[in-house]
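The values are calculated or read from the model by the stated rules, or taken from the named source; none is laboratory data. Everything numeric here is computed off the predicted structure, so don't read it as measured data. As a convention, Cβ positions derive from the backbone with ideal geometry for all residues, glycine included, and neighbour counts pool all protein chains shown. Accessible surface is based on the protein model in full, side chains and every heavy atom, while ligands, DNA and RNA are left aside. Shrake-Rupley method; radii C 1.70, N 1.55, O 1.52, S 1.80 Å.
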Amino acid sequence: MIRDGRYEGQSGGISVTLRVDAGGSGVISADVFQVAPDGGRKTYLASARTAPGTKVALDDGTWPAIWQAGPANKTTGSLALAQGETDGVTVTFVLDAPLNGLPTRTEVVVPAEHKDDALRELGLEIELEQNVPAPSPVIFQGVERTVNGCLRGAGFTVKEVGRQSSIPAGIAGAWDDSQLYTMLSDLMLITGDASLRARAWELHLLLLSRAAIPGLAGVMFDAEGLLQRQGAAVFTAGFQGATRDQKIIRTIVHELGHALNLAHRFERVVGRADSTSFMNYDWRYLGGGHEQDYWREFAFTFDADELTFLRHGPLTSLIPGGEPFHTVRYWADGGGGHSPYAPEIPFDGYRLALAAPESGPVFAFGQPVFLKVTLENRTAADLEVERWVLDPKAGPLEILVRRRTEPEDVTAFTPIAQRCMAAMDSTAKLTLPPGGALSNNVNLTFGSAGFTFAEPGEYDITPVLAIPARDPAGEPVQWVVTGEPLRVRVSPPLGVAEERDAEVLRTPDVGAWFALGGSAALASAGEALEGVRERRQAETGIHDPVVASIVRTAALDAARPSIRFQDDEYVRRDGDPAQAARLLADLDPRALRTFDPYTAQQTIALAAQYRGAAEK
């Protein structure tokens with residue numbers, strides 16, 4: 001009798017990895033590769049899975065299937081299994097239409113051998129900061145729960161990758177996004193097999209003490225062409241109480257889930273406030289105020305649609321380095337029985353607005369796009385919100401972008417750093433009194449899918465905010481506030497010199513440098529931009545918007561201490577606030593007008609802070 005597990009086989013120039021999961025998700029899936037004539041390198045062709053709604057059995061049979069070679073490259077077909085010799089099977093597949101060179105309406109037969117009870121294999125490296133212990137196992141329902149065990153329950157067998165090293169305690173004090181990105185980049189390069197620019201079933205996680213941002217529990221990075229869903233970090237200092245160990249394991253698996261392209265369950269587009277999955281927050285459960293209920297119901301697992309996706313989603317949708325984060329709507333594809341739980345209710349008690357730079361909503365080609373976002377309380381009562389409510393990296397704020405020449409193509413901006421927050425104490429909330437307002441800036445220049453404004457033209461940018469709440473009956477709902485679209489225009493390069501600048505400004509490492517506020521791992525990007533700055537500043541002065549953005553980011557980078565892992569040792573470079581102050585001193589009021597009002601105000605405050613630090 002055919003049994004569940006992972007099978008591998010090859011026939012001619014076709015190689016197949018088959019996953020049989022009758023006892024779990026009731027799905028059979030496969031990845032198909034083309035094998036080089038010398039039998040070496042494999043090239044991915046397509047993935048298949050039995051059609052949603054079809055329940056497979058551990059027996060010979062034929063099932064309808066869907067095939068996918070990319071998000072917009074799909075067809076239908078069938079998958080058939082027959083008992084093979086000893087512990088193997090014979091898989092036969094047929095495609096109804098051409099797909100990435102695979103034959104159409106022709107049976108392809110491949111014998112496959114059983115390799116593992118687990119459906120997929122995942123490499124994992126966890127680096128510990130000194131004095132941060134490895135996560136302790138937790139006994140739940142008489143079973144020992146560990147990170148690897150939780151992943152095993154999701155269908156993965158885990159192998160260790162990389163080289164274990166201990167990160168010195170206190171070398172960064174409290175870690176920010178740029179320092180984390182640098183550390184992960186260094187460690188991944190040193191592992192040898194890992195590449196920041198290639199997809200691979202490998203994940204790298206830092207287990208650290210404290211983050212620079214209060215309440216930050218974990219972060220995952222996804223930057224196109226760079227650190228693509230391969231690196232994450234978890235901070236343990238804030239976890240206290242009887243559920244401390246559960247929270248640490250849950251948060252680690254939560255961040256690894258993001259790296260495998262899983263979204264938060266409480267998000268507006270998912271709408272599962274009732275979920276006790278790894279991918280929910282305890283303090284968001286049932287609309288908030290039910291943390292104890294969450295932990296009483298938490299069973300160290302994912303929801304059904306998440307499990308189906310992890311076990312049987314197309315290779316490119318899951319694999320770190322594959323499709324950008326949050327671009328795969330697995331929760332809505334009918335594959336896991338998901339239906340939204342928390343309904344959306346339009347709410348006019350808030351006003352949400354975007355503001356362009358004081359110089360106007362026209363951006364030079366390659367100019368980083370910063371906007372001010374403001375939330376105003378228009379009710380007669382106090383409103384309580386999360387402190388990070390206007391941070392797209394961490395909060396419920398969505399930024400929708402539509403290019404006017406493509407009115408049906410609306411995309412949600414996804415930052416390269418995904419911050420996961422823990423409401424650890426009362427400081428996580430703030431109160432907006434009637435008429436009160438809260439503002440922040442949003443840097444839309446470069447996200448997980450690349451440059452947001454890659455082409456010149458007009459764009460409409462719309463902010464959307466979802467606030468978890470409960471209706472009069474106590475049921476979870478989402479208040480949804482939608483701001484008026486802000487129209488901006490990105491100018492084309494003006495002349496040969498600006499076209500040459502664009503070749504630098506549109507590289508992924510430069511985009512990530514702007515998004516992170518600089519990074520020691522992206523020093524080459526800063527050096528390349530210095531040439532752009534010198535040319536443009538000599539021609540148009542510090543008031544050139546691209547020059548002003550380069551100078552501001554270079555100042556942030558100069559002030560920040562950097563921590564590198566090089567030649568088997570950790571090397572720290574102290575920050576240089578005097579250099580940062582000198583850079584920002586050049587940004588006069590006219591130059592600051594090229595930023596949105598909030599960013600300009602914060603830049604003035606930073607200049608004073610750096611001057612004060614330099615004088616001590």
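Rounded to the nearest 10 degrees, the angle from helix 597-615 to the longest Cα principal axis of the chain is 70 degrees. Annotation: per residue accessible area for the chain equals 41 Å², rounded to a whole number [probe 1.4 Å, protein chains only].
Only four residue types carry charge here, +1 at the Cβ of Lys and Arg and -1 at the Cβ of Asp and Glu. Report the dipole size of the chain about the Cα centre in Debye, rounded to the nearest 20. Walk me through the numbers before you get to the answer.
Numbers: 57 positive and 79 negative charges, 127 e Å.
Here the chain has a charge dipole of around 600 debye.
Only Lys, Arg, Asp and Glu carry charge here, each on its Cβ (+1 for the first two, -1 for the last two); on that basis the stretch 458-530 has a dipole of about 200 debye about its Cα centre. On the chain, 48 percent of the accessible area sits on carbon and sulfur atoms, based on a 1.4 Å probe.
From the helices alone, meaning DSSP H stretches of at least four residues, give me the mean residue ellipticity at 222 nm for the chain, per-run term -39500 (n - 2.57), in deg cm²/dmol to the nearest 500. Let's see the in-between values first.
Working: 13 runs with 141 residues, N = 616.
Rounded to the nearest 500, the figure is -7000 deg cm²/dmol.
When you count the other C-beta atoms within 10 angstrom of each residue and take the mean per peptide, 490-502, 87-99 line up highest first as 87-99, 490-502.
Normalising by the residue count of the chain, find the relative contact order in percent from Cα pairs under 8 Å and 6+ residues apart.
Working: 1389 pairs, mean separation 68.5, N = 616.
So the answer I get is 11 percent.
For the chain, just say rounded, prolate or oblate: build the C-alpha gyration tensor, square-root its eigenvalues into a ≥ b ≥ c, call rounded for a/c under 1.5, and beyond that prolate if a/b exceeds b/c, oblate if not. Here the chain falls in the prolate category. Solvent-accessible surface (1.4 Å probe) assigned to Ser524 amounts to roughly 70 Å².
Extension gain for Arg296-Glu358 works out to 17.2 nm (0.36 nm per residue, less the C-alpha to C-alpha distance). Start at zero, step by 10 Å, and the Cα-Cα distances of the stretch 474-616 spread as 10, 33, 32, 15, 8, 2, 0 percent across the bins. Each Lys or Arg adds one and each Asp or Glu subtracts one; over the other residues with Cβ under 15 Å from the Cβ of Thr308, this totals +2. Across all Cα atoms of the stretch 547-613, the radius of gyration (one decimal) and Dmax (whole number) stand at 13.8, 47 Å. Bridgeable lysines around Lys74 (alpha carbons under 27 Å apart, same-chain partners fewer than 8 residues away excluded): Lys42, Lys55.
For the listed residue pairs Lys372/Lys393; Lys429/Lys616; Lys372/Lys616, the alpha carbons are over 26 angstrom apart in Lys429/Lys616; Lys372/Lys616.
Apply the a/c threshold of 1.5 to the C-alpha gyration tensor of the stretch 224-273 and tell me whether it is rounded, prolate or oblate.
Details: a/c = 2.95, a/b = 1.29, b/c = 2.29.
Oblate, because a/c is 1.5 or more while a/b does not exceed b/c.
Taking every alpha-carbon pair under 8 Å whose residues sit at least 6 apart, the stretch 470-605 reaches a relative contact order of 17 percent. In percent, rounded to a whole number, the relative contact order of the stretch 4-154 is 19, using alpha-carbon pairs under 8 Å and six or more apart.
Placing +1 on the Cβ of each Lys and Arg and -1 on the Cβ of each Asp and Glu in the chain, which of Leu606, Ile319, Ala169 has its Cα farthest towards the positive end of the resulting dipole? It is Leu606, whose Cα lies furthest towards the positive end.
Pull out a ≥ b ≥ c, the square roots of the eigenvalues of the alpha-carbon gyration tensor of the stretch 129-271, then state rounded if a/c is under 1.5, prolate if not and a/b is larger than b/c, and oblate in the remaining case. Rounded, since a/c falls under 1.5.
Give, in nm to one decimal, the length gained when the segment between Glu484 and Thr405 is fully stretched (0.36 nm per residue of separation minus the Cα-Cα distance). Walk me through the numbers on the way to the answer.
On the way: separation 79, 0.36 × 79 = 28.44 nm, distance 1.90 nm.
Roughly 26.5 nm would be gained on extension.
Work out how much length Glu569 to Gln83 would gain on full extension: take 0.36 nm times their residue separation and subtract the Cα-Cα distance, in nm to one decimal. Numbers along the way, then the final one.
On the way: separation 486, 0.36 × 486 = 174.96 nm, distance 5.35 nm.
Fully extending the segment from Glu569 to Gln83 adds 169.6 nm.
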